[in-house]
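Heads up, the thing below is written out as structure tokens.
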Amino acid sequence: MARIIAIDYGTKRTGIAITDELQMIASGLITVETKTLMDFLTKYLAEENVETMVLGEPKRMSGEASQVEEHILSFRESVEKKFPTLKIIRQDERFTSKMAFQTMIDGGLGKKKRRNKALVDQISATIILQDYLYNL
């Protein structure tokens with residue numbers, strides 16, 4: 001089987017998570033600067049067998065799209081052009097940052113490490129991917 005990759009897209013940083021080949025376990029992979037995201041994906045997808053991308057869909061409590069959605073749509077179009085065989089799924093990501101922060105507290109990380117926004121983004125991507133796998 002091929003892996004599934006998840007993206008917690010941000011205008012500055014993007015968290016990335018990946019499954020194992022059996023698509024059972026979601027693990028944080030890396031957080032990259034968004035300006036280098038396509039370069040990272042090009043290299044990673046050339047080296048790994050990935051069939052699906054789960055792209056976080058940030059919504060407001062009202063259900064409306066958040067401000068970053070226009071950037072995400074542009075990113076999605078770029079991915080679809082560059083990787084036409086990659087299946088792209090959108091996954092609601094409301095509360096993932098709060099859940100990621102709580103996960104860090106529950107895991108015993110100190111205040112200094114909890115301020116690491118890159119780690120929060122990576123954990124958020126993992127939560128997005130876990131939610132997707134749970135609902136398969």
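The values are calculated or read from the model by the stated rules, or taken from the named source; none is laboratory data. Note that the structure is a prediction, hence the values are computed from the model and not measured. Here the Cβ positions follow ideal geometry from the backbone for every residue, glycine too, while neighbour counts run over all protein chains shown.
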_For the condition more than 17 Å from Leu133 (Cβ to Cβ) and surrounded by 17 or more Cβ atoms within 10 Å (Cβ to Cβ), what is the one hit in Val50, Val32?_
Val32
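Taking the range 1-18 as the search range and keeping residues that are over 21 Å from Arg94 (Cα atoms) and modelled with pLDDT of 95 or more, which one is nearest to the chain's Cα centre (by Cα)?
Taking the range 1-18 first, the residues over 21 Å from Arg94 (Cα atoms) are 1-3.
Of the ones still in play, those that are also modelled with pLDDT of 95 or more are 2-3.
Numbers: Ala2: 17, Arg3: 14 Å.
Residue satisfying both the conditions and the ranking: Arg3.
Results for (1) in contact (Cβ under 8 Å) with a residue 40 or more places away in the chain; (2) among the aliphatic types (A, V, I, L, M); (3) assigned to a loop (DSSP other than H, G, I, E, B); (4) closer than 19 Å to Ala2 by Cβ, shown as yes or no for each residue.
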| position | (1), (2), (3), (4) |
| --- | --- |
| Met53 | yes, yes, no, yes |
| Ser62 | no, no, yes, no |
| His71 | yes, no, no, no |
| Glu77 | no, no, no, no |
| Lys81 | no, no, no, no |
| Ile88 | no, yes, no, yes |
_Number of the condition not met by Ala46 [criteria: (1) part of a helix (DSSP H, G or I); (2) closer than 14 Å to Leu86 by Cβ; (3) in contact (Cβ under 8 Å) with a residue 12 or more places away in the chain]_ = (3)
